[in-house]
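Before any comments, here is the structure.
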Amino acid sequence: MSEFKLHCFALSGNAYKVALFLALSRQTWQPVFVDFLNGQTRTRQWRDTVNEQGEVPVLEHQGKSLTQSALILDYLADYTGQFGGRTAEEKQQIWRWMLFDNHKFTSYYATLRFLYGIQKTGDTEVTRFLRDRAAAAYQVVDTHLSKTPWLVGERMTIADLSLAGYVFMPEETGLSMEAYPHIQAWKKRIQELPGWQHPYELMPGPTGL
Ligand SMILES: N[C@@H](CCC(=O)N[C@@H](CS)C(=O)NCC(=O)O)C(=O)O
């Protein structure tokens, strides 16, 4: 019997952050497929019974239901003793990067990918705006990773898992990854960790390809 249940779907990089934690830390878990593309998270029933905020991921553990990927990652780091900060300062730095991720790094990129790569809107004023904002956030992270192998400290932490949510997603966004060599090298380090799997292998449901 699995210890964790993760409400997720393959296209969700926010859910991948949690799925990758569970995979790398060798937890037993089972995915619960959420039919996001057909509007399941917008139904009254789903919001009343799973997440009033209408978002994936949702993690079920020991009678608790947790939402918001950063909070879930923090919970899992505490519970398993893996990939968390070891000092108060490391914990603060981890939150600093996870907040930057939620506000900018994941947020602009994921929305751009959804419109341009999945809905195939073509280029519009909105996608151009999102691409510029995503590029600025990627540049901040690339510059940081030119000085350090991992976002915080000398080992992979939940800050890395948070920012890794969408970087393996294969859909076209019009943002050239060649401009971010340090992000590319960091991705490779993550991919080489024992237990790493691609989002489309870890989580169920249709993909954007
Ligand atoms: N800050 C949230 C973002 C979660 C999120 O946006 N999830 C997407 C799927 S990847 C979602 O469920 N969106 C539903 C919506 O915005 O209506 C987190 O990190 O968990």
Flag if Pro149 is more than 26 Å from Trp29 (Cα to Cα) and in a loop (DSSP other than H, G, I, E, B): yes
Count of the stretch 39-53 residues which are under 21 Å from the mean Cα position of the chain (by Cα) and either open to solvent by 90 Å² or more (accessible area, probe 1.4 Å) or away from the ligand (no atom under 12 Å from the Cβ) (or both): 3
Residue match in the stretch 4-11 (condition: more than 15 Å from the ligand (Cβ to nearest atom) and under 18 Å from Ile158 (Cα atoms)): yes
Hits in the stretch 1-19 (condition: more than 20 Å from Asp101 (Cα to Cα) and of a type in the set (Ser, Thr, Tyr)): Ser2
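Matching residues to (1) of a type in the set (Val, Ile, Thr); (2) more than 19 Å from Tyr180 (Cβ to Cβ); (3) not in a helix (DSSP H, G or I):
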| residue | (1), (2), (3) |
| --- | --- |
| Gln93 | no, yes, no |
| Thr106 | yes, no, no |
| Phe129 | no, yes, no |
| Ala136 | no, no, no |
Any hit, the stretch 67-82, residues being out of contact with any helix residue (DSSP H, G or I) (no Cβ under 6 Å at 6 or more places or on another chain), part of a strand (DSSP E or B), surrounded by fewer than 23 Cβ atoms within 10 Å (Cβ to Cβ) and not basic (Lys, Arg): yes
Of the criteria (1) closer than 22 Å to Asp74 by Cβ; (2) within 16 Å of the ligand (Cβ to nearest atom); (3) in contact with a Gly (Cβ under 7 Å, 6 or more places away or on another chain), which one Glu90 fails: (2)
Complete set of residues in the stretch 145-170 that are more than 16 Å from the ligand (Cβ to nearest atom) and open to solvent by 40 Å² or more (accessible area, probe 1.4 Å): Ser146, Lys147, Pro149, Glu154, Arg155
Hey, Val34 closer than 17 Å to Leu76 by Cβ, within 11 Å of the ligand (Cβ to nearest atom) and surrounded by 14 or more Cβ atoms within 10 Å (Cβ to Cβ) or not: no
Filter result for the condition that a residue is assigned to a helix (DSSP H, G or I), under 20 Å from Gly165 (Cα atoms) and within 14 Å of the ligand (Cβ to nearest atom), over Leu20, Leu59: Leu20
Conditions (1) part of a helix (DSSP H, G or I); (2) under 21 Å from Pro199 (Cβ atoms); (3) in contact with a helix residue (DSSP H, G or I) (Cβ under 7 Å, 6 or more places away or on another chain); (4) not assigned by TED's automatic domain parsing to the domain that holds Glu171: number failed by Trp46: (2)
Qualifying residue in the stretch 121-129 (condition: more than 19 Å from the chain's Cα centre (by Cα) and acidic (Asp, Glu)): yes
Every pair of residues 6+ apart whose Cβ atoms lie under 7 Å, when the first sits in the stretch 122-141 and is within 10 Å of Phe105 (Cα to Cα) while the second is open to solvent by less than 30 Å² (accessible area, probe 1.4 Å) and of a type in the set (Val, Ile, Thr): Tyr138/Ile183; Val141/Ile183
Count of the stretch 175-204 residues which are within 20 Å of Ala137 (Cα to Cα), open to solvent by 40 Å² or more (accessible area, probe 1.4 Å) and outside any helix (DSSP H, G or I): 1
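The values are calculated or read from the model by the stated rules, or taken from the named source; none is laboratory data. Every value quoted in this text rests on a predicted model; they were computed, and no experiment measured them. Don't worry about glycine lacking a Cβ; one is built from the backbone with ideal geometry, like all the others, and counts go over all protein chains shown. Side chains are part of the model used for accessible areas, which takes the heavy atoms of the whole protein and leaves out ligands, DNA and RNA. Shrake-Rupley method; radii C 1.70, N 1.55, O 1.52, S 1.80 Å.
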